[in-house]
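Working notes for the structure below.
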Amino acid sequence: MYDFIVIGAGIAGASIAYELARSARVCVFEGETRAGFHATGRSAALFAPSYGGPEIRALTRASRSFFDRPPQGFGEHPLLQQRGCLYLARSEQRDRLNQMIADISASGGIVAKLDKGDALKRVPLLRESYLAAAAFDSDAMDIDVDALHQGFLRGARTAGAVVITGTWVTNPQRRNGVWSIESSEASVSAPVLVNAAGAWADDVAASCGASRLGLQPLRRTALLVDVPAGCDVSSWPAVIDVDEQFYFKPEAGKLLLSPADETPDRPGDALPEDLDVAIGVDRVQAALDLEVTRVSHSWAGLRTFAPDRAPVVGFDPHTEGLFWCAGQGGYGIQTSPALARTAAALARGEGLPADVAGEGLAAQTISPARGNL
């Protein structure tokens, strides 16, 4: 008998288990034999307070203190390393860049408009004819995703959480005020079931007898390409098209690039398609003086969004004891510290953490009962 059953041990499930296990009995089920196999293990690993919608930006800002000063024993190495993020605009995108800067400023973030010459200095291979305007987020960082994820899992286990891998939960039963799960590994019960199943969250909800919320997994492609001989890209910032038509960043002496595709897909092991790889190369080559002759590696991951693209965190309005923690999209890594604290507080029947509320987030904007789901 536990207080909480958590379905999913990716970044969402691991982080909320970490928070809940401090004061409650927690059991985590993960379908794969290795936690973090899907979206968590395929992240672009960028912490960017300017990235995403207003709810995501608030949660990202509220996560910064954890990244900078994780609890004693959380990990052996820093979670963040300086990177910076450069937003690019062509001439027809100037208004969009100005609007993005204004929106971020209005929500408490800081992105500075950057002189074209400064942008070219930061990324010397940028085509001058392509670039019309730029903005820079100096707070953007690289995230050590594995260290973060393992820190959450290790901390949850240290606090007493049980993590069961290789077990897909297909038929939870609600009886006498508790959820029960029977598997070959364990027979487990708890009054609250936390749905942190990522791309499978709607399927888990349906297996609990709840309504689907319209969560949609969207496939995103990424690839690694070589840079010209003698070109050191290690100090380059991450670079994002202001309309998010592509992005790229340094990765182990190469460039990680993506067409920022959002192709509707089904839950599963996402695979890259040749056309998306070609589109990514073409878009980045338009912006960079770079001839891509070989793709050294390509992969794809699923980013799962609610219809309004805000996370879904809170108790289901119609199914007793079912708690949602899903729909983080592509921002689950950078928001995980604050989102986990928020989810744990709401699951315990408390209000939002004060610092999260202070960043402008309201519980109703992420609730599964909100009107636009």
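The values are calculated or read from the model by the stated rules, or taken from the named source; none is laboratory data. Predicted, not measured: the structure shown is a model, and the values here were computed from it. When we count neighbours, we look across all protein chains shown, and the Cβ atoms used for this are built from the backbone with ideal geometry, even at glycine. To get the accessible areas, we keep the full protein, side chains included, count just its heavy atoms, and leave off ligands, DNA and RNA. Shrake-Rupley method; radii C 1.70, N 1.55, O 1.52, S 1.80 Å.
Is it the case that D265 is more than 22 Å from the chain's Cα centre (by Cα) and among the acidic types (D, E)? Explain how you work it out, then say what you get.
Values: more than 22 Å from the chain's Cα centre (by Cα): no; among the acidic types (D, E): yes.
No: the conditions fail for D265.
I'm trying to understand the selection: among the residues of the range 138-150, which are farther than 14 Å from K249 by Cα and not small (G, A, S)? Before you say what the answer is, go through the steps one by one.
As a first pass, look at the range 138-150 and keep what is farther than 14 Å from K249 by Cα: 138-139, 144-150.
D139, D144, V145, D146, L148, H149, Q150, listed by residue number.
For the range 284-297, enumerate the residues that are open to solvent by 40 Å² or more (accessible area, probe 1.4 Å) and within 25 Å of G41 (Cβ to Cβ). Give the steps one after another, and end with the answer.
Going residue by residue through the range 284-297, those that are open to solvent by 40 Å² or more (accessible area, probe 1.4 Å) are 285-286, 289, 291, 293-297.
Scanning the range 284-297 gives R294, V295, S296, H297.
Working only within the range 219-241, note down all residues that are assigned to a loop (DSSP other than H, G, I, E, B) and either open to solvent by less than 10 Å² (accessible area, probe 1.4 Å) or free of Cβ contacts under 8 Å to residues at least 40 places away in the same chain (or both). Show your work before the answer.
First, pick out the residues of the range 219-241 that are assigned to a loop (DSSP other than H, G, I, E, B): 226-237.
Those that are assigned to a loop (DSSP other than H, G, I, E, B) and either open to solvent by less than 10 Å² (accessible area, probe 1.4 Å) or free of Cβ contacts under 8 Å to residues at least 40 places away in the same chain (or both): A229, G230, D232, V233, S234, S235, W236, P237.
Would you point out which residue out of A112, A48 is in contact (Cβ under 8 Å) with a residue 12 or more places away in the chain and more than 20 Å from L255 (Cα to Cα)? So that I can check it myself, show each step before the final result.
Numbers: A48 fails: more than 20 Å from L255 (Cα to Cα).
The match here is A112.
Out of the residues in the range 10-59 meeting the condition of being under 19 Å from V188 (Cα atoms) and assigned to a strand (DSSP E or B), tell me which one is most open to solvent (accessible area, probe 1.4 Å).
Residue satisfying both the conditions and the ranking: E30.
Residue by residue, here is whether (1) in a strand (DSSP E or B); (2) in contact with a Leu (Cβ under 7 Å, 6 or more places away or on another chain); (3) in contact (Cβ under 8 Å) with a residue 24 or more places away in the chain; (4) surrounded by fewer than 21 Cβ atoms within 10 Å (Cβ to Cβ) holds:
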| site | (1), (2), (3), (4) |
| --- | --- |
| L120 | no, yes, no, yes |
| A134 | yes, yes, yes, no |
| A147 | no, yes, yes, yes |
| G160 | no, no, yes, yes |
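Restricting to the range 61-97, give me the number of residues that are in contact with a strand residue (DSSP E or B) (Cβ under 9 Å, 6 or more places away or on another chain), part of a loop (DSSP other than H, G, I, E, B) and over 30 Å from E128 (Cα atoms).
Residues that pass the stated criteria total 1.
Please tell me if A354 is among the aliphatic types (A, V, I, L, M) and exposed (fewer than 15 other Cβ atoms within 10 Å of the Cβ).
Numbers: among the aliphatic types (A, V, I, L, M): yes; exposed (fewer than 15 other Cβ atoms within 10 Å of the Cβ): yes.
Yes: the conditions hold for A354.
How many residues does the range 242-253 hold that are crowded, with 17+ Cβ neighbours inside 10 Å and of a type outside the set (S, T, Y)?
Keep residues of the range 242-253 that are crowded, with 17+ Cβ neighbours inside 10 Å, which gives 242, 245-251.
Cutting the leftovers down to of a type outside the set (S, T, Y) gives us 242, 245-246, 248-251.
Result for the range 242-253: 7.
Confirm whether T365 is open to solvent by 10 Å² or more (accessible area, probe 1.4 Å), within 24 Å of P217 (Cβ to Cβ), outside any loop (DSSP other than H, G, I, E, B) and not hydrophobic (A, V, I, L, M, F, W, C).
Values: open to solvent by 10 Å² or more (accessible area, probe 1.4 Å): yes; within 24 Å of P217 (Cβ to Cβ): yes; outside any loop (DSSP other than H, G, I, E, B): yes; not hydrophobic (A, V, I, L, M, F, W, C): yes.
Yes, satisfied.
Mind counting the residues in the range 163-215 that are in contact with a helix residue (DSSP H, G or I) (Cβ under 9 Å, 6 or more places away or on another chain), of a type in the set (A, V, I, L, M) and assigned to a strand (DSSP E or B)?
Adding up the residues that qualify gives 4.
Every residue, every condition in (1) over 30 Å from A119 (Cβ atoms); (2) outside any loop (DSSP other than H, G, I, E, B), yes or no:
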site	(1), (2)
P267	yes, no
D282	no, yes
A310	yes, no
V313	yes, yes
F323	yes, yes
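Would the range 269-280 turn up any residue that is open to solvent by less than 50 Å² (accessible area, probe 1.4 Å), touching a strand residue (DSSP E or B) at 6+ places or on another chain (Cβ under 7 Å) and in a strand (DSSP E or B)? Quick ask: steps written out before the conclusion?
Taking the range 269-280 as the starting set, the residues that turn out to be open to solvent by less than 50 Å² (accessible area, probe 1.4 Å) are 270, 272, 276-277, 280.
Retained after the next criterion (residues that are touching a strand residue (DSSP E or B) at 6+ places or on another chain (Cβ under 7 Å)): 270, 272, 276-277, 280.
Next, only the ones that are in a strand (DSSP E or B) stay: none.
No, the conditions are met nowhere in the range 269-280.
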